[in-house]
Each structure stands twice: as structure tokens, then as C-alpha cells.
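Following: one structure in C-alpha cells, then a few remarks.
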């Protein structure tokens, strides 16, 4: 895993960057999910939000681990 990401000359933990991106993606996906009747099927509607956040965060981290090292090596 890439430990740190450089953003405008500032080193930030990679997990924090992926978490912020995941929050933004969940925020964009949430209105589409509100149209579905998923909230009737679960006890707490917030569980859908948390599960979606964790899934998106994991997906971003997995994609970053797979593709970023090769991309950085190719562009260095």
C-alpha cells in the first residue's frame, strides 16, 4: 500500500485521502439510493450509508494498491 500521498507539496496519509474520496462518492450516490425502497428492509437506514462508505473506501484502496504503483513507476 502507498503510505503517503503528496497533495500540493503536503504529505497526507493515503487512507485519509481515500476516505475523503469515499465520503464524496457516497454523498453523490446517496440521492439515487433514496429512490429505492431499501430503507424499509433494514432496521437502521444509517447502516446502508455506513456499509456503502466502507465498500467504497475498500474499493478505492484496493484500486489504488493495484494501479497507482504501476502508474507512478510509468510516469517517473
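Each reported figure results from applying straightforward, stated rules to the coordinates on display, with no laboratory input. Here the structure is a predicted model, which means the values were calculated and not measured. With ideal geometry, Cβ positions are generated from the backbone for all residues, glycine too; neighbour counts draw on all protein chains shown.
Which whole-number percent gives the relative contact order of the chain, counting Cα pairs below 8 Å spaced six or more residues apart?
It comes to 36 percent, rounded to a whole number.
Along the Cα-to-C-beta direction of residue 68, a point sits 7 Å from the Cα; which residues of region 15-45 have their amide N less than 20 Å from that point?
Once the point is set 7 Å along Cα→Cβ of residue 68, 15-27 turn out to lie under 20 Å by backbone N, inside region 15-45.
Taking Cα extents along the principal axes in Å straight from the coordinates, which label in [x] 50, 22, 17; [y] 30, 25, 18; [z] 62, 25, 16 is the correct one?
This structure yields the entry labelled [x].
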